[in-house]
Amino acid sequence: MSKALILARTIAGTPLVWEGRRIAMSVAYGAHGLAPGEDPQEALAAADRPTYRQKRASGRTLAGASLKQSVRR
Amino acid sequence: MKIRDQELLARLRTLGSKVGGAARTAGAAANVDDAIGLLGLPEQELTPTVRSALHHLIEEVAELRQELLTTQGRLAELERLADEDSPAPISNRRAFLRSLARTIGYVERYGAACSLLYFDVNGLKSINDTHGHAAGDAALIHVATVLRAHIRASDVIGRLGGDGVLLTRPTRRMR
């Protein structure tokens, strides 16, 4: 099992308690192996792509702005 | 008096005058002797005026060093605060991008294997809508905190301002 998957499951198993209420947490995740001389923005986009694919595949709503938008800022 | 001596004295006086009426301590006097040894000044050049100027200069340097240490300490604290979104130890955009660039540098120079992991919180918009933006923010901090508890201290966690939390971590021991 990949470390990313283990961490994603750990997050899913740890709900947020907010004002006395439990809010279930789940995450889509993506991993990218950093390449020598790679541009940091490119690396961010490369980690975002599999995350986005997973999010779409799981049929969950893509909530709010994706990482790509924050990368362009 | 030689021209070189006059120049030296003038410079020492300028620096020394800043110190004003600083007290002559036994420790400072010992430091004057140390300085003389370090500078390799010949005995015949050590007039009382030169010694006194040297004494002032040493005090001035000590004072400046103390000021520098204080300033450096304050700067380090401000740097630390600027790099974190309180209360969890999460790098902000600026700090995370800087750290990412550094990690890529390690990959390039030392052949280290490192991964960039991205965790995007599902349904953050609905959390924001149902519980308010403070809850959405708490959700992101919660995810980062859970991650922090399950990774190495050297792994870097950051937020860029979107719905996700990022993580850089070495995946293989460097050879």
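Bear in mind that the values in this text are calculations on the coordinates, not laboratory data. None of these values were measured; they are calculated from a predicted model. No Cβ is skipped: glycine too gets one built from the backbone with ideal geometry, and neighbour counts run over all protein chains shown.
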Q: Would you mind checking the stretch B:139-174 for residues with the amide N under 12 Å from a putative spin-label position 7 Å along Cα→C-beta of A:Ile6?
A: B:150-152
Q.
Between the stretch B:97-158 and the stretch A:1-61, what is the separation of their alpha carbon centroids in Å?
A. 9 Å
Q. Counting Lys +1, Arg +1, Asp -1, Glu -1, what net charge surrounds A:Ala4 among other residues with beta carbon under 13 Å of its beta carbon?
A. +1
Q: Binning at 5 Å from 0, report for the stretch B:34-143 what percent of all alpha-carbon pair distances ends up in each bin.
A: 2, 8, 10, 10, 10, 9, 8, 7, 7, 7, 6, 5, 3, 3, 2, 1, 0, 0
Q. Based only on Cα atoms, what Rg/Rh ratio does the stretch B:84-172 have, Rh being taken as Kirkwood's radius?
A. 1.03
Q) Could you give the nm distance between label points at A:Thr14 and B:Leu39, where each point is 7 Å from its Cα heading toward the beta carbon? A) 6.1 nm
